[in-house]
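Structure first, commentary second.
The values are calculated or read from the model by the stated rules, or taken from the named source; none is laboratory data. Everything numeric in this text was worked out from a predicted model, so none of it was measured. Neighbour counts run over all protein chains shown; Cβ positions are idealised from the backbone, glycine included. We work out accessible area using only protein heavy atoms, side chains counted, and drop any ligands, DNA or RNA first. Shrake-Rupley method; radii C 1.70, N 1.55, O 1.52, S 1.80 Å.
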Amino acid sequence: DDLLDVRELVVRYGSTVAVDRVSFGLRAGETLALVGPSGCGKSSTATAVLQLRRPAGGEVWFDGRELTGLDERALRPLRPAMQPVFQDPYGSLSPRRSIRDAVAEPLRVQGRWDRATGPARVAELLAVVGLDDRVHGGRLPHELSGGQCQRVGIARALASEPKLLVLDEPVSALDPSVRAGVLNLLADLQEKLGLGFLFICHDMALVRHFADRTAEMRAGRIERISV
Ligand code: ADP
Ligand code: ADP
């Protein structure tokens with residue numbers, strides 16, 4: 001009944017083994033934090049779970065399907081349900097496209113754009129993350145603060161109606177004064193929508209506050225998972 005079940009995952013870069021037989025499960029509505037020193041394999045695990053880089057070994061079961069054996073064409077309809085949120089709030093947004101376009105894009109790409117209802121859906125998604133379409137919708141990413149852009153990134157992820165968010169240090173690049181607001185938003189969304197969170201984070205105080213379980217990684221392995 002796990003939303004995500006990762007079994008014996010292996011990620012290699014040439015002869016470097018970045019992730020070495022990592023296994024964990026994650027239920028809907030749960031936050032599993034992935035912690036450990038820089039270079040221990042957290043981002044590589046996240047990238048392989050999302051199938052953005054194909055793992056060298058192991059299995060990734062998501063919502064009852066095993067992903068590693070699927071080709072890109074078979075993966076495409078499954079990808080919307082697993083959405084990344086990255087560290088750099090500006091990195092996932094195109095610098096020349098408006099906030100409104102950034103949130104509309106997943107709807108268009110997934111064939112869910114409707115001229116009659118699309119604009120209202122975008123405004124609604126922006127409202128969910130605390131932004132006002134009339135104020136922020138027409139702006140470009142660099143006209144917003146980092147915290148506001150991270151909210152846009154979250155709205156963009158929500159446009160795909162995900163079941164899992166893979167959050168790779170989502171507040172580490174933000175001004176400390178706006179981190180709590182973004183984290184509270186994520187917690188609210190998780191509660192309302194029953195999302196699973198795979199939450200990469202190096203701030204142990206924050207992990208203790210935010211995570212249901214914590215997986216400690218070192219040198220490509222999970223050393224233990226604690227509640
Ligand atoms: P983090 O520790 O936050 O994951 P890094 O600075 O280690 O970030 O990595 C940033 C980017 O550089 C990632 O896309 C990662 O895949 C890539 N990267 C990290 N180490 C190497 C390396 N030895 N060779 C090539 N690319 C790397
Ligand atoms: P973390 O996210 O915990 O900082 P990463 O997954 O980024 O760790 O990196 C794990 C290991 O894989 C490190 O030794 C890193 O240098 C290496 N690595 C990451 N990305 C690449 C890449 N694109 N090419 C080569 N080595 C990489």
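Overview of values
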{"item": "Net charge of neighbours whose Cβ lies under 10 Å from the Cβ of residue 7, counting Lys and Arg as +1 and Asp and Glu as -1", "result": "-3"}
{"item": "Gain upon complete extension [residue 212, residue 115; 0.36 nm per residue less C-alpha separation]", "result": "30.9 nm"}
{"item": "Karplus 3J(HN,Hα) series, Hz, for the range 155-165 with 6.51 cos²θ - 1.76 cosθ + 1.60 (x for Gly, Pro)", "result": "4, 5, 5, 5, 4, 7, 6, x, 9, 10, 10"}
{"item": "Amide H within-cut-off set for residue 85, under 5 Å, with H built and near neighbours excluded", "result": "166, 167, 168"}
{"item": "Accessible surface of the range 1-57, 1.4 Å probe, proportion on carbon and sulfur as whole %", "result": "43 percent"}
{"item": "Calculated FRET efficiency for the pair residue 175/residue 56, C-beta based, R₀ 30 Å, to 0.05", "result": "0.20"}
{"item": "Cα-based convex hull, the range 31-121, per residue volume (Å³, whole number)", "result": "153 Å³"}
{"item": "Theoretical gain in end-to-end length, residue 65 to residue 205 [0.36 nm per residue, Cα-Cα removed]", "result": "47.0 nm"}
{"item": "Over 29 Å [Cα-Cα, the chain], rounded percent", "result": "26 percent"}
{"item": "Amide H partners (placed H, <5 Å) of residue 218, local residues excluded", "result": "223"}
{"item": "Solvent-accessible area per residue, Å², over the chain with all protein chains present [probe radius 1.4 Å]", "result": "49 Å²"}
{"item": "Centroid-to-centroid separation of the range 116-135 and the range 143-169 [C-alpha atoms, Å]", "result": "14 Å"}
{"item": "Segment residue 193-residue 225, length gained on full extension (0.36 nm per residue, minus Cα span)", "result": "9.0 nm"}
{"item": "Percentage relative contact order, the chain, counting C-alpha pairs under 8 Å, at least six apart", "result": "31 percent"}
